[in-house]
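Read through the structure below, which is laid out as structure tokens, and then see the notes.
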Amino acid sequence: MVSGIAPLPNGTHLGDEFRIERMLGRGGFGITYLVKSLKDLDERVRVGDRCVVKEFALADCVVRSPNGMTLEPLGRNPDEQDAYWRFFDEQLGKFDLEARTLARFRHANIVEVFLIRSANRTAYMVMEFVDGQPLSARQAKLLRDRGCGLSWPELRPIAKNLLDALEYIHARDVIHRDIKPDNIMLRGDGDAVLIDFGGARATSRARGSMVFTPGLAAGEQIYNYLQARKHQGKAPNKALADVNATTDIYGLAASFYMAMTGTAPYATNEDMHITEHRPALREHPWRDRLQIPDGVADAIDAALNLTDASARPQTVGIWRDLFPDFARRSSSPGQGPRPAAGRDPDQLFNEAEGLRWHAKSEQAIQQCLQLYREASEHGHGPALYRLGRLYQVGDLVPENISVALEYFLRAADAGDVRAQYRVAEHDYRCGTNAADAERAYRMARRAADGGLAAAMNLVGRFYRQGVHVPQNDAKACDWYEAALRHGDADGAQNLAAMYRRGLGRRHDAGVSRSLTEAADRLRAGADPREVLSDTPPFGQTKATG
């Protein structure tokens with residue numbers, strides 16, 4: 001479905017913050033532009049940066065007004081126009097809500113949403129510009145050059161990235177709804193990034209979704225579209241099919257299928273009725289050429305059940321385990337025997353630390369983990385923290401953020417300041433409500449008061465952005481400075497931005513430059529004391545209160 005709404009011309013200014021360079025694409029939810037930032041907005045968006053802006057503009061609902069900027073409703077009379085506006089405003093509210101949720105996501109394989117702006121009777125989502133090419137372009141080039149798409153060995157690292165990304169967003173109760181090769185970007189280093197969250201919705205608000213791409217969408221999405229068309233856009237909820245995590249799983253499986261074979265799993269006519277089913281990967285004539293192992297073909301085929309969502313893998317974790325190379329070993333915080341009587345937890349932890357760097361065999365890995373778990377059963381903070389980190393980064397154990405957070409919380413209760421910071425960082429980035437913000441700030445303050453520099457910097461960000469505490473640039477600077485004095489490069493960089501912009505401190509480009517240099521030196525491993533002695537005027541500034 002392609003929007004007939006006229007795009008904004010190149011060179012158009014979006015307020016005083018962005019200038020449009022060119023249109024990148026358009027679809028049923030709106031139009032996407034490449035823009036250049038005209039001013040510093042925060043630590044992530046600086047003047048001159050290139051970003052992507054998605055203008056919310058529902059196809060078949062609104063058109064561009066004669067002034068060339070704002071939108072106006074379709075409709076032959078005032079009643080029809082009012083109906084279109086009401087529907088548009090309802091969807092705009094959902095778009096705004098989901099954009100603000102997505103702005104808290106931090107994942108290497110998910111495009112970062114920076115902020116959302118309201119203007120011209122609509123909203124604009126400002127996102128990271130991923131410099132690379134879409135998976136669809138790479139697949140098309142290979143199809144031209146050698147007659148087939150990516151082989152499984154070529155697709156495998158991309159698939160791993162995308163499984164991680166999809167599991168991350170589903171764990172946060174968000175459904176993408178339009179996964180396709182066009183919405184998968186490949187960076188220059190080959191990493192895959194899931195983009196275009198303009199149609200994303202919370203799971204509870206995704207029922208009855210009609211967002212879809214023919215050939216790559218699950219059956220329930222096509223059914224909902226046909227029902228809406230049958231009822232002229234007014235299909236009752238009871239007539240609509242459920243859209244949930246398995247819908248995204250189908251879309252990702254269909255994207256894998258298309259990336260390898262060059263075709264979608266099925267074809268439709270103009271009326272969106274299915275006219276052809278392509279062969280399953282198990283039976284595909286190119287399977288040997290594409291080097292697709294039996295287990296991989298079975299895993300992808302299992303997710304490509306078009307009409308029966310209950311027959312697909314119900315979660316990304318379950319689906320991941322069907323891939324031979326991606327299956328996770330069964331492991332959880334509750335596993336392992338009770339601690340041996342009389343064993344000192346410090347001794348257990350030290351033995352585990354000694355083993356960790358040399359644990360190569362499965363037996364050595366399990367022995368190391370068992371020592372950490374025995375120490376943790378005694379409430380040993382460093383052991384609990386270490387297990388949390390192992391699960392957080394996927395070292396020795398499969399990556400599992402939920403398990404990691406459980407260990408961090410236990411370590412935080414045991415007084416480990418690093419764990420307190422990890423909990424705060426998680427809730428700050430991924431939280432969606434006031435309770436998450438409260439816990440994030442409380443844990444960050446505990447860690448900062450315990451002397452952890454990274455936590456001091458995080459507290460500064462709370463004050464800078466007004467999260468859980470009143471917005472206060474001066475206090476933000478105090479905390480950034482405290483982080484710098486404790487050797488934190490991010491604190492130095494954030495303080496540099498505040499001096500450069502005259503926020504919370506007087507405008508001083510010279511001090512800003514010296515702080516940026518200090519941040520670079522700290523990241524390079526310089527002694528913090530030497531850095532501070534070379535960075536005026538911080539012998540005279542006040543301490544954090």
For region 281-296, indicate whether the set of residues that are modelled with pLDDT of 85 or more, within 31 Å of the chain's Cα centre (by Cα), part of a helix (DSSP H, G or I) and surrounded by 15 or more Cβ atoms within 10 Å (Cβ to Cβ) is non-empty. yes
Kindly evaluate ALA424 against the criterion of being under 23 Å from HIS380 (Cβ atoms) and open to solvent by less than 30 Å² (accessible area, probe 1.4 Å). yes
Which residues, counting only those in region 187-230, are open to solvent by less than 10 Å² (accessible area, probe 1.4 Å), at pLDDT 90 or above and part of a strand (DSSP E or B)? ALA192, VAL193, LEU194
Strands (runs of 3 or more DSSP E) (entirely within region 32-95) containing at least 1 residues that are open to solvent by 30 Å² or more (accessible area, probe 1.4 Å) and over 27 Å from ASN183 (Cβ atoms): 71-73
Report, by residue number, each residue of region 359-384 that is over 21 Å from ALA411 (Cβ atoms), open to solvent by 70 Å² or more (accessible area, probe 1.4 Å) and more than 33 Å from the chain's Cα centre (by Cα). GLN363, GLN367
Subset of region 164-173 [buried (at least 24 other Cβ atoms within 10 Å of the Cβ) and in contact (Cβ under 8 Å) with a residue 60 or more places away in the chain]: LEU166
Taking region 450-469 and the residues there that are crowded, with 23+ Cβ neighbours inside 10 Å and not hydrophobic (A, V, I, L, M, F, W, C), the one that is nearest to ASP490 (Cα to Cα) would be ASN457
Could you check, for region 378-387, whether at least one of its residues is within 21 Å of ARG442 (Cα to Cα) and in contact with a Leu (Cβ under 8 Å, 6 or more places away or on another chain)? no
Small (Gly, Ala, Ser), in a helix (DSSP H, G or I), under 30 Å from MET498 (Cβ atoms) and open to solvent by 50 Å² or more (accessible area, probe 1.4 Å): is that true of ALA447 in this structure? no
From (1) buried (at least 23 other Cβ atoms within 10 Å of the Cβ); (2) touching a residue at least 60 places away in the same chain (Cβ under 8 Å); (3) not aromatic (Phe, Trp, Tyr), pick out the condition that doesn't hold for ASP488. (2)
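Restricted to region 96-108, and to residues that are more than 10 Å from MET125 (Cβ to Cβ) and open to solvent by 10 Å² or more (accessible area, probe 1.4 Å), which residue is farthest from the chain's Cα centre (by Cα)? I'd like the intermediate steps shown before the answer.
Pass one, region 96-108, residues more than 10 Å from MET125 (Cβ to Cβ): 97, 101, 104-108.
Retained after the next criterion (residues that are open to solvent by 10 Å² or more (accessible area, probe 1.4 Å)): 97, 101, 104, 106-108.
Values: LEU97: 16, THR101: 10, ARG104: 8, ARG106: 5, HIS107: 4, ALA108: 7 Å.
Here the answer is LEU97.
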Positions within region 16-31 being in a loop (DSSP other than H, G, I, E, B) and within 20 Å of VAL62 (Cβ to Cβ), in sequence order: GLY28, PHE29
Go through the residues of region 402-417 one by one and say whether even a single one is open to solvent by 40 Å² or more (accessible area, probe 1.4 Å), acidic (Asp, Glu) and within 26 Å of ALA103 (Cα to Cα). yes
Apart from one, (1) surrounded by 18 or more Cβ atoms within 10 Å (Cβ to Cβ); (2) over 21 Å from the mean Cα position of the chain (by Cα); (3) not β-branched (Val, Ile, Thr) all hold for ARG146; the odd one out is (1)
State whether the residues of region 114-130 include one that is assigned to a helix (DSSP H, G or I) and either farther than 26 Å from LEU58 by Cβ or open to solvent by less than 20 Å² (accessible area, probe 1.4 Å) (or both). no
When region 308-351 is checked residue by residue, the ones that are open to solvent by 80 Å² or more (accessible area, probe 1.4 Å), at pLDDT below 50 and under 30 Å from LEU252 (Cα atoms) are ARG329, SER330
Give region 470-485 a look and list any residue that's open to solvent by 10 Å² or more (accessible area, probe 1.4 Å) and either within 25 Å of ARG422 (Cβ to Cβ) or not aliphatic (A, V, I, L, M) (or both), or say none. PRO470, GLN471, ASN472, ASP473, LYS475, ASP478, TRP479, ALA482, ARG485
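The values are calculated or read from the model by the stated rules, or taken from the named source; none is laboratory data. Just so it is clear, the model here is predicted, and its values are computed rather than measured. Using ideal geometry, Cβ is built from the backbone for each residue, glycine included, and neighbour counts are taken over all protein chains shown. With ligands, DNA and RNA removed, areas are computed over all heavy atoms of the protein, side chains included. Shrake-Rupley method; radii C 1.70, N 1.55, O 1.52, S 1.80 Å.
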